[in-house]
Amino acid sequence: MGAAPAGALLRWLGAGRHSTARAVPELWRASWRVGPVLTGTVLTLTLLLGLAGPVQFVAMGAVVGGLTADGAGLWPAVTFLIVVAAARTVLPVVVEPLTGELVRRIDLNFRNRMVACLTGPYGVAHLEDSGTRDLISTAQGIASPGQGPGSGARGYLNLIALKAGAFGSILLLAQYRWWLGLGVAAGAMVIRRHILAIWFQTAQALSGDVPGLRRSEYLRDLALRPETAKETRLFGLGGWLVGRHDTAWTTAMDPVWRRRRSIGWRMTVVDLAVLVLAALAGVPIVLGLVSGDLDAAQAVVLGGALTAIVGLGGFLPDADFPIRYGCLTLPSLLELEARMTARRNADAPAGTLPTVDGGRSGAPPPEPVPPEPAPPAGPLGDIRFDRVGFHYPGVDRPVVDGVDLTIADGSTVALVGANGAGKTTIIKLLTRLYEPTSGSIRVGDTDLRDLDPERWRRRLAVIFQDFARYELSARDNVGFGALDLLDDRTALEEAADRAGVLAAIRGMPRGWDSPLSRNYSGGADLSGGQWQRIALARALLAVRAGARVLVLDEPTANLDVRAEAEFYDRFLDLTSGTTTVLVSHRFSTVRRADRICVLDGGRVTEDGSHDELISLGGTYARMFRLQAERFVDG
Ligand SMILES: Nc1ncnc2c1ncn2[C@@H]1O[C@H](COP(=O)(O)OP(=O)(O)OP(=O)(O)O)[C@@H](O)[C@H]1O
Ligand SMILES: [Mg+2]
């Protein structure tokens, strides 16, 4: 079947003119892929269920015919009616669990696809884009809670059953007057277009102010999440948050309520129109009865058929509601997939990345990630920044401005500078979370842009200043440094030991399996310093797995003085053979580096060893003395 006839059929089956053109075919494609047999079975049974309606009208007519014909043929007709009625009762019991399973698979498929497409691009810029965040929120159902694409499919199935019943009824009416059923169906469709428009506009109004809805959810979560609740309680923000949440939510929802207020009378108009249609449609049947063209038995059949068709003109709660709300998420998801695929393709040098099908094939996503081949051994070569410039997307001001920097293979380079000088940004460029907007970064003889991102990632062990605190087990928190060592207890314990957190993990209620969050039963909460040690252990595991570039952005900011001293006493041992980039405001740490680069306003202003920079007497020397004096004075 070509695309145009297929589209026309889908529209007739219920997509309606207001559905997003791409979304509905995609819904059925997904349904087919997650279960061709299941989809086929559910569709067939649904059609049978729908057609059972007109068959029951025929059975009722036969019973009335039997009664009016002095009982002739009554009992076979009654038996037929009982069988059909029983089938109409039993079929839904069979169809419902199958439909439920289809809904589950469709929802899971779209959830997996969203996660897969967002993890596709290598960097993080796409996750910081406000347009993408809006799409993510809509795809997650911010405007249609609890109604995923699976509900949409369920709504369509209900509609298909009703339409199949109406189709059979048109055929029954055609036995008497060929135009009767078609005419009533046309009238019902005209009324229905109006009702679809009302519901479409209401559903659209819901997704009209997604940024506003996001803001209101954020304000609500501020009061609910333990991480922020500490401050919001102590600053007494409770009342303020309630007020701001109230305003944000009311503003975002106002267009929806305004539409809903007008729905009442518009629905009444539609109901009245359906009544008029029913009355008009009944006229030919009444006339037929009066003229003797029709007997009572025929009138029962035709009357039943008419009701089935007329009913399609009104609001169909089991179909319209789940369709309108269930399908709200789909266009956003498809738009996300398109954007992320484009970005991913732009990231990858041709042919270097495996294609992620994002669950579109319907195949279950691989749960355990298969271990990747070990990164190539051997030296990396020097890392060279060559006139690197960068500004964040949507910001004109350069944050990194013509940086030249060479990090010799196996050496330790420290980046220092005031807050906002661009240290973390340089690390983000080195780790390819962002691409330089000018200049280039080379590793050995290769431009970073030409390296396979996955292979480069495997050579990095990074702790960011705002490192992640996963609400998962201690094993996962450390093991994420090298997934292929996730089950290697010895490697995990060694990394945790070197980072000084092994005793704390062993002391937890469920040891390595303890969730590192009080939000889960049996969970353990860690101190700020213990979290930092967990992050260190993660990076050290990555080094053990073959990473050759260790990047530590403020690795000891949360450690107590003794722990910091211990860490740096063992630092050379921990990092031997690796190229290390270290960012720290603690000069006791920085001075041990082979080279120190001072950054100011995104530029390298001083570059040399500790002794060289001290004798230079510039910014570094001033900052170092200031800190040293304060310790001495203290
Ligand atoms: N995602 C972002 N989008 C836009 N601007 C950003 C983003 N992240 C950082 N910036 C800006 O870039 C500049 C440099 O930030 P960066 O985080 O690199 O500083 P830093 O030297 O690491 O500072 P600190 O010592 O405070 O960690 C700052 O002015 C900051 O506001
Ligand atoms: Mg920083």
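The values are calculated or read from the model by the stated rules, or taken from the named source; none is laboratory data. All values reported here derive from a predicted model rather than from experimental measurement. Glycine also receives a Cβ, built like all others from the backbone with ideal geometry; neighbour counts cover every protein chain displayed. The area values use the complete protein model at the heavy-atom level, side chains included, leaving out ligands, DNA and RNA. Shrake-Rupley method; radii C 1.70, N 1.55, O 1.52, S 1.80 Å.
In table form, for the structure just shown:
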| quantity | calculated |
| --- | --- |
| Contact order relative to length of the stretch 83-221, as percent, for alpha carbon pairs under 8 angstrom and 6 or more apart | 30 |
| At R0 = 25 Å, FRET efficiency that the Cβ-Cβ distance of residue 68 and residue 178 yields, to 0.05 | 0.45 |
| Accessible surface of residue 230 - all protein chains present, 1.4 Å probe, nearest 10 Å² | 130 |
| The stretch 13-334 - convex hull of alpha carbons, volume per residue in Å³ | 158 |
| Carbon plus sulfur fraction of accessible area for the stretch 466-547, probe 1.4 Å, in percent | 44 |
| Projected-area mean, the chain, by convex hull of Cα positions, square nanometres | 37.2 |
| Residue 520-residue 190 pseudo-label distance in nm [points 7 Å out on the Cα-to-Cβ vector] | 6.1 |
| Accessible-area ranking of 329, 68, 424, largest first, probe 1.4 Å | 68, 424, 329 |
| Of all DSSP beta bridges in the chain, antiparallel share, percent nearest 5 | 50 |
| Label-to-label distance, nm, for residues given as residue 227 and residue 338 (7 Å Cα→Cβ offset) | 3.3 |
| For the chain: relative contact order, % (alpha-carbon pairs under 8 angstrom, 6 or more apart) | 15 |
| Kirkwood hydrodynamic radius of the stretch 395-517, from inverse mean 1/r over distinct Cα pairs, in Å | 17.2 |
| Calculated SAXS-style log₁₀ I(q)/I(0) at q = 0.13 Å⁻¹ - the stretch 186-281, Debye, Cα scatterers | -0.61 |
| Projected label distance in nm at residue 346 and residue 246, using a 7 Å step from Cα toward the beta-carbon | 4.4 |
| Cβ-Cβ FRET estimate between residue 269 and residue 603, R0 fixed at 60 Å, reported to 0.05 | 0.30 |
| Paramagnetic reach from residue 527 (point 7 Å along Cα→Cβ, amide N under 19 Å) across the stretch 476-497 | 496-497 |
| Projected-area mean, the stretch 466-547, by convex hull of Cα positions, square nanometres | 4.8 |
| Estimated FRET transfer efficiency (residue 489, residue 88; beta-carbon r; R0 56 Å; 0.05) | 0.40 |
